[in-house]
Structures are given as structure tokens and as C-alpha cells.
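The values are calculated or read from the model by the stated rules, or taken from the named source; none is laboratory data. Keep in mind the model is a prediction, meaning the values are calculated, not measured. As a convention, Cβ positions derive from the backbone with ideal geometry for all residues, glycine included, and neighbour counts pool all protein chains shown. Areas reflect the complete protein model, heavy atoms only, side chains present, ligands, DNA and RNA absent. Shrake-Rupley method; radii C 1.70, N 1.55, O 1.52, S 1.80 Å.
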Amino acid sequence: MGKNKLEKFADMASYPHVFEYPYSVVDNVPFDLKGLWHDTFFKNDHPIVLELGCGRGEYTVGLGKMFPEKNFIGIDIKGARMWTGATEALQAGMTNVAFLRTNIEIIERFFAPGEVSEIWLTFSDPQMKKATKRLTSTYFMQRYRSFLQPGGLVHLKTDSNFMFT
Ligand SMILES: C[S@@+](CC[C@H](N)C(=O)[O-])C[C@H]1O[C@@H](n2cnc3c(N)ncnc32)[C@H](O)[C@@H]1O
């Protein structure tokens, strides 16, 4: 039988490649990796690529397998979903994959200027009525700009005509 949510949350808390900083804790728990993801966590200088709204992390893990010369960080607020990719990466012994559970609204707290090379937005909710919640809105783009390298890429994968437009 599969694990329930509480069991998944317990796993996540014990995983060395999972960082959990939702709104509720971010002001109280110091985050030490900003600007230090390369040196302290990945221990290489390979490009860092983010998947925002990664859900179960299929792209984070899949891209990590396809491109071992890049580092991937899947970001989402939903821990029970993220558990799937986090568990797969751990069991596969992947060293180029991490997960950050947080609200993307505060993403600039976790990455220093120029620290990230690429961003993937994979089937993000179109949020047709709430532009400020849409991960492609100016509100979010301003945040991505604060840490994306000059010439960095934002990849958009969507099945929504609205989002594409
Ligand atoms: C439609 S799902 C797509 C999941 C995955 N990328 C896929 O292709 O299956 C959107 C995901 O984005 C996450 N998400 C949306 N807005 C978010 C935000 N502001 N902060 C963190 N996660 C967010 C949701 O929790 C959800 O898992």
C-alpha cells in the first residue's frame, strides 16, 4: 500500500536534498544556501535550472537524468506531490537534483543574483482570472529577473492557449 500524507511529510523532512521553507517558517528559520547552492549543496559549478510549480517533479527528475551536467531544483508548495520526485531522485542516487518546498511568491529569498541559468514553467495553472497568481505574470517575472543570469532562459510548456498567448 502507498504511503499516506503524514508518512510522506516525514520522509520529506528527512531527505537531505529537500528544503522546506513555506511562508509559515521562512521568517523564523534561516536559509543558508542563497548564493551558495553551487559550493555548499551541488559541489560543482554546473548551471542551475529551476522547475517552478514542479508538482510531482517529473520534469525535474527527467531533465536531471537527461542532463547530468546541469543541476535541477524543483519548486512547489505541495509537499505530498513533491515527495514522488524527491523519492525517485533519492532512490536513483541522483546528485544533481534538489527540491525546494516554498511559495514561489518569495522565490527571490532563495537565490542570489546570477545564480540561476534557466527556468522551466511546466503546465502551470493558467489562472485566467487572477493574473497575480499566474507564474508568467509581471509580478513573478520581476522576481525571476533578480536571480536569472543575463541571457538566461525561461521555458514555457503548456497545453493552454490562454497561457501560450
Ligand atoms: C497544474 S500543476 C502542474 C504540475 C507539474 N508541473 C506538471 O506538469 O504536472 C501546478 C503546480 O504549481 C504549483 N504552484 C502554483 N502556484 C504556486 C505558487 N505560487 N507557489 C508554489 N507552488 C505553486 C501547484 O502547487 C501545482 O503543483
- Query: With Gly79, Gly93 as the choices, which residue is away from the ligand (no atom under 14 Å from the Cβ) and more than 24 Å from Ser146 (Cβ to Cβ)?
  - Reply: Gly93
- Sort out which residues of the range 107-119 are open to solvent by 30 Å² or more (accessible area, probe 1.4 Å) and either of a type outside the set (D, E, K, R) or in contact (Cβ under 8 Å) with a residue 60 or more places away in the chain (or both), and write them in order of number. Arg109, Pro113, Gly114
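One line per residue, one yes/no per condition, for (1) open to solvent by 30 Å² or more (accessible area, probe 1.4 Å); (2) not in a helix (DSSP H, G or I):
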residue: Ala13; (1), (2): yes, no
residue: Pro16; (1), (2): yes, yes
residue: Phe19; (1), (2): yes, yes
residue: Val29; (1), (2): yes, yes
residue: Lys34; (1), (2): yes, yes
residue: His38; (1), (2): yes, no
residue: Asp45; (1), (2): yes, yes
residue: Cys54; (1), (2): no, yes
residue: Val61; (1), (2): no, no
- All but one of (1) in a strand (DSSP E or B); (2) within 12 Å of the ligand (Cβ to nearest atom); (3) not polar (S, T, N, Q) hold for Ala98, so report the exception by its number. (2)
- Say whether the condition of being surrounded by 17 or more Cβ atoms within 10 Å (Cβ to Cβ) and part of a helix (DSSP H, G or I) is met by at least one residue in the range 120-139. no
- Message: Quick check on the range 142-165: of everything there that is free of Cβ contacts under 8 Å to residues at least 12 places away in the same chain and part of a helix (DSSP H, G or I), which residue is most open to solvent (accessible area, probe 1.4 Å)?
- Response: Arg145
- Scope the range 14-50; condition of a type in the set (A, V, I, L, M) and either in contact with a strand residue (DSSP E or B) (Cβ under 7 Å, 6 or more places away or on another chain) or more than 17 Å from Asp76 (Cβ to Cβ) (or both); matching residues: Val18, Val29, Leu33, Leu36, Ile48, Val49, Leu50
- Find the residue count for the range 101-125, including only residues that are under 21 Å from Tyr23 (Cα atoms) and more than 15 Å from the ligand (Cβ to nearest atom). 1
- Query: Given Met94, Met66, which one is modelled with pLDDT of 95 or more and open to solvent by 50 Å² or more (accessible area, probe 1.4 Å)?
  - Reply: Met66
